[in-house]
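Quick notes on the structure that follows.
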Amino acid sequence: MKPEVAIPLQPRGLGGAPAAGPAGQPRDYVLWSFFNVLLGYALGYLGCLCFPALIFSIKARDCKVLGDLEGARRHGTRAKVLNIICSVLMILTVVTLIVIVVIIFTSVTT
């Protein structure tokens, strides 16, 4: 009888946390938050809705600098969720604006 051979799906040491940056450090999402705030103000003053994400991102970066990795991970997760919500709102705003412009141009030309 032959022994069964198990082949791992991932090499050892590459199974880190999905929200971890280099060397297992938690991510802070400051650039994504800043981009959301700037784009939000460009798209009808939605940037104020993205300020909490920016604040949590800065808190995550501060916690990471101070060595509080659990706090950085917690604030980074909140920033990520808020950034996703803001990004979805931005996409919906852009799609709505495109639809409105198309409807206006088609009604004007007919």
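Which FRET efficiency value, to the nearest 0.05, is calculated for LEU38 and THR110 with the Förster distance at 35 angstrom and r the Cβ-Cβ distance?
E(calc), rounded to 0.05, equals 0.40.
Show me 57-66, 88-97, 101-110, 25-34 ranked by packing, highest mean number of other Cβ atoms within 10 Å first.
25-34, 57-66, 88-97, 101-110
Quick check: Cα centre of region 36-61 to Cα centre of region 92-110, how many Å?
With region 36-61 and region 92-110 each reduced to a Cα centre, they are spaced 27 Å.
Estimate the FRET efficiency between LEU31 and VAL95 by the formula 1/(1 + (r/R0)^6), using the beta-carbon distance for r and 30 Å for R0, to the nearest 0.05.
Once rounded, the FRET efficiency stands at 0.80.
May I ask for the equivalent-ellipsoid semi-axes of region 18-78, computed as the square root of five times each C-alpha gyration tensor eigenvalue and listed largest first in whole Å?
24, 10, 8
Ranking request for peptides 76-86, 38-48: highest mean number of other beta-carbon atoms within 10 Å first, then the rest in descending order.
Highest mean packing first, the order is 76-86, 38-48.
Just so you know, all these numbers are worked out from the coordinates, no wet-lab data involved. Note that this is a predicted model, so its numbers are computed, not measured. Cβ atoms come from the backbone with ideal geometry, glycine included; neighbour counts cover every protein chain shown.
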